[in-house]
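Novice: To start, I am sharing the structure in question, which I have written as structure tokens.
Values in this text are rule-based calculations from the coordinates and carry no lab data. Note that this is a predicted model, so its numbers are computed, not measured. No Cβ is skipped: glycine too gets one built from the backbone with ideal geometry, and neighbour counts run over all protein chains shown.
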Amino acid sequence: MELRLASPEQVEAVYERDLKPSFPPSELKPLANIQAMCREGCYRPWCLFDGEEIAGECFLWLGRPGWALLDYLCVSESRRNGGAGAWMLSALRRAEPDTVILVESEAPVHAPDPALAERRLGFYARNGLYAAGYDTDVFGAHYKMLYLWQEPLPDGRLMEENQFIYQNRFSREKYGRYVRIPRDPEAGPVQQVPWNED
């Protein structure tokens, strides 16, 4: 197996096959947005290839040089529970050795399936990710923040780069309405809406 960047046609195929069934509307970018970000050079659609078959995806949304957000990590249904997710994270670390990779993982306290959200956090911990000291609220989804790097980093630096990724994509009005980095536990919830750029 190897990690390679997918073609536009392959991105469309795995979006329909893997991402659409696996992510709720508030977490799923429209395909047109992903395609536009790829063309703009701020998105890397890494895929796990087994021969010519794609076994999973780990798409990166790029921020400033040396920083990215793991936008989607997904294993195709037929390959789940076989170690493909861990293999992808390890391969991603090798493919992006100079990049701090921020990771959003659904907070169990507000997740529709708290047990699944706990398992995801455990998966990331087993694979060497650090837990950041803050949560976020994006389009109404409450996330625990983690990151893939070789050593601990200060929360202030992580937040700054986390904020930049979203501020660089959205208008000030949209960012203010739908994005909270860090999440304020005392504030009311952000309205849960589909991910969009309109």
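Novice: Against the 2.2 N^0.38 Å scaling, with N counting residues, where does region 89-198 land? I'd like the Cα-based Rg ratio to two decimal places.
Specialist: Values: Rg = 14.3 Å, N = 110, 2.2 N^0.38 = 13.1 Å.
Ratio of Rg to 2.2 N^0.38 Å for region 89-198: 1.09.
Novice: Moving on. Whole-Hz ³J(HN,Hα) for each residue in region 103-108, computed from phi via Karplus 6.51 cos²θ - 1.76 cosθ + 1.60 with θ = phi - 60°, x for glycine and proline: what do you get?
Specialist: 9, 9, 10, 3, 6, x
Novice: Lys/Arg Cβ at +1, Asp/Glu Cβ at -1, dipole of region 2-180 taken about the Cα centre: which of T136, L89, I34 is farthest positive-ward?
Specialist: Farthest towards the positive pole: T136.
Novice: Counting helices only, and only those DSSP H runs with n ≥ 4, report the 222 nm mean residue ellipticity of the chain as the sum of -39,500 (n - 2.57) divided by its residues, in deg cm²/dmol to the nearest 500. Can you show the working numbers first?
Specialist: Numbers: 6 runs with 62 residues, N = 198.
That calculation yields -9500 deg cm²/dmol at 222 nm.
Novice: If you take the Cα Rg of the chain and divide it by 2.2 N^0.38 Å, with N the number of residues, what do you get?
Specialist: Values: Rg = 15.9 Å, N = 198, 2.2 N^0.38 = 16.4 Å.
The reported ratio for this selection is 0.97.
Novice: I've got another one for you. Suppose we keep just the DSSP beta bridges with both residues in the chain; what percent of those would be antiparallel, to 5?
Specialist: Details: 33 of 37 bridges.
Beta bridges within the chain, antiparallel portion: roughly 90 percent.
Novice: For region 2-53, I need the span (max minus min coordinate) of the C-alpha atoms along each principal axis, in Å, sorted largest to smallest.
Specialist: Reported extents, whole Å, longest axis first: 32, 26, 15.
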